[in-house]
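In what follows, a structure is listed as structure tokens, so that the remarks can point back to it.
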Amino acid sequence: MDVFRYIAEAKIKQAIHQGEFDHLPGAGKPLELEDLSAVPEELRAGYILLKNAGVLPEEMSLKNEIISLRKLIDCCYDEGEKSSLHVKLNEKLLRFNMLMENRQVSSSVLQCYKNKVLERFGR
């Protein structure tokens, strides 16, 4: 394994010497790290891969569509069009709720947290 490490280090040093890393986008700026605390640890690598590939989970796609439909409804003045948008919004909300019910996972961590919150408020 040390041979591969040596080759990789040599290639990196050569690229630095040739200036191949100069003028890269974001050079000299701090990294923008995304808060992934809501994503379970075992799913984070897959989430990052899918996100970088431009693939969204269905529930995220539906959430984006719901937000767009709500904005369209707010801006719409034609009552017929507004009613049509409300129908589409209700369909998306129904689909989203069905997805979330199917994917609902009871986590021991969440249950523990819930119990602590309830104890804190005296329930």
Subject >> Å² per residue, accessible surface of the chain at 1.4 Å >> reply: 92 Å²
Subject >> Count of Lys pairs (Cα-Cα under 27 Å; at least 8 positions apart or interchain) in the chain >> reply: 16
**OP:** Starting from segment 1-69, pick out the chymotrypsin sites (Phe, Trp or Tyr not before Pro) whose DSSP state is loop and whose Cβ has at most 12 other Cβ atoms within 10 Å.
**Re:** Phe21
Subject >> Dipole of segment 29-118, positive end: most advanced residue of Val87, Pro57, Cys75 [Cβ charges, Cα centre] >> reply: Pro57
**OP:** Give me the percent of the accessible area of the chain that comes from carbon and sulfur atoms, probe 1.4 Å, all protein chains in place.
**Re:** 58 percent
**OP:** Please give the helix 2-18 orientation as an angle from the longest Cα principal axis of the chain, in degrees from 0 to 90, rounded to the nearest 10.
**Re:** 90 degrees
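The values are calculated or read from the model by the stated rules, or taken from the named source; none is laboratory data. This structure is a prediction, so every number in the text was calculated from the model and none was measured. Every residue, glycine as well, gets a Cβ built from its backbone with ideal geometry; the counts of neighbours run over all protein chains shown. Just so you know, the surface numbers come from the protein's heavy atoms only, side chains and all, with ligands and any DNA or RNA stripped out. Shrake-Rupley method; radii C 1.70, N 1.55, O 1.52, S 1.80 Å.
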